[in-house]
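Student: Structure below; questions to follow.
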Amino acid sequence: MGPEYSILTRYLVAFDRVRVIARVRDVEETPTGVARVDGPGVEVWPLPYYVGPAQFLTRILPIRRSVLRATEQVDTIMLRVPSPIANTVSGHFDRHRQPYCLEVVGDPNVALSRGVIDHPLRPLLRRWATSSMTRQCRQATAAMYETERTLQTRYPARARALSEGISSVELPHDAFVRVPRTYNAPLQGAVLVSVGSLDQLYKGIDTLIEALARLNGNGAAHRLVHVGRGRFLARLRRLAEKRGVAEQVEFAGWLPTHDDLRKMLDGADLFVMPSRTEGLPRALIEAMARALPAIGSTAGGIPELLTPECLVRPDDPTALATAMRKMLSTPERLTEASARNLATARAFGADVLSARRTAFYRSLHHFGGHPRQRMHVAGDA
């Protein structure tokens, strides 16, 4: 599922047309909660569809040919990385001295680490992806990083490149509550919420289920609601049954609208994100904008959002249960976290970020040809 059309229109402040290069699959009906990518000024260039590393490797040559055709006679190329699609063509651009820019949104060294993804080709893919992104950041003429410092430290841009840390998370005015929450007593029977795809175990929901079993071990009847779906759903249901918390875990699927998600967050007591890998997670920022206390892992850019007492290592259900218990049992801690999270989230308001992003996009004209023509976004959008 690619970004919504409204997100892609951000490029139109600096370019007349946008082309999104992405794998595409025909479907008979639009899935619930999915919005169109294309629209006025935004078109999609379809690539051969694939699922998983094995299918990608069998189709890598037609994918590469299609991407190169899509980027002929263009003004600006933006590669969204990490992406296997971007990795197939960036070397070609380097050899032909064709300039390109980057949007750096994640860390492949973590995303392809042991325990995050289970595949026999994982070590090879990890080395390839990490090496590719290191080279891309050193070669690109401009790079916009999702984080303020985390990704920049591991994948630095070259010395004379245009480089900015500007999150792609941009929340509208109605995403924010007006005032933080206050708490006068410990929370009993709390509602925990997590959000994320279940197509991989990136989000650590298995760790969260293990932690919930430990958290409920003292007689507390806390409940978990997970928003999202994917191929690991059945496995996580079995884990919840095995740990004796099946009645306390609800898999809600994807919610139809942003308003539905906000209502769920407003009715929750604690947001939990025990991810194994992250960029700068939109779901966490959206929860913070509702003044919801949160516990997260130390993965990716999460430490840029939460304070140390709200962080635990990935894959540590005991530490996660302890952190949640401390939060839920301490009214002062809950009240402080609510106020702090709301204040932090306000930095991601549309009025704050849009001006910086617009200035960055307009600066790209210095690296890619004639102004106000076309931007081609290459990547697994």
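Nothing in this text is a laboratory measurement; each read-out follows from the coordinates by a stated rule. Given the structure is predicted, the values throughout are model-derived calculations rather than measurements. For neighbour counting, all protein chains shown are included, and Cβ atoms are generated from backbone atoms with ideal geometry for every residue, glycine included.
Student: Give the value in nm², to one decimal: projected area of the alpha carbon convex hull of the range 1-135, averaged over all directions. Intermediate results must be reported in sequence, preceding the final value.
Tutor: Numbers: hull surface 37.7 nm².
Mean projected area for the range 1-135: 9.4 nm², to one decimal.
Student: Right, something else. In whole percent, what relative contact order does the chain give with Cα contacts below 8 Å and a gap of six or more residues? Kindly include the intermediate steps, with their values, before the conclusion.
Tutor: On the way: 732 pairs, mean separation 93.9, N = 381.
Computed value for the chain: 25 percent relative contact order.
Student: When Lys and Arg each count +1 and Asp and Glu each count -1, what net charge do the other residues less than 15 Å away from residue 137, Cβ to Cβ, add up to?
Tutor: Working: positive: 80, 135, 138, 149, 154, 158, 160; negative: 94, 103, 107, 146, 164.
Spelling it out: positives minus negatives among the neighbours equals +2.
Student: Expressed in nm to one decimal, what extension gain is obtained for the pair residue 178 and residue 298 from 0.36 nm per residue of sequence separation less their Cα-Cα distance?
Tutor: 40.4 nm
Student: May I ask you to work out the translational diffusion coefficient for the range 81-135 at 25 °C, viscosity 0.890 mPa s, via Stokes-Einstein with Rh from the Kirkwood sum over Cα pairs, reported in whole µm²/s?
Tutor: It diffuses with D of about 206 µm²/s by this estimate.
Student: Before anything else, pin down the relative contact order of the range 162-308: Cα pairs under 8 Å, at least 6 apart, normalised by residue count, whole percent.
Tutor: The normalised contact order for the range 162-308 reaches 28 percent.
Student: What is the percent of Cα-Cα separations in the range 119-163 that go past 15 Å?
Tutor: Here the long-distance tail beyond 15 Å is 47 percent of all Cα pairs in the range 119-163.
Student: What share of the DSSP beta bridges in the chain is antiparallel, in percent to the nearest 5?
Tutor: The antiparallel proportion sits near 5 percent.
Student: I want the antiparallel fraction of DSSP beta bridges within the range 174-347, as a percent rounded to 5.
Tutor: 5
Student: Let me ask another. From Cα coordinates alone, what are the radius of gyration and Dmax values for the chain in angstrom?
Tutor: 21.2, 66
Student: Please report how far the C-alpha centroid of the range 261-275 lies from that of the range 43-102, rounded to the nearest whole angstrom.
Tutor: Using only Cα atoms to place each centre, the spacing works out to 36 Å.
Student: Hey, what D do you get for the range 174-347 in µm²/s if you plug the Kirkwood alpha-carbon radius into Stokes-Einstein at 4 °C and 1.567 mPa s?
Tutor: 82
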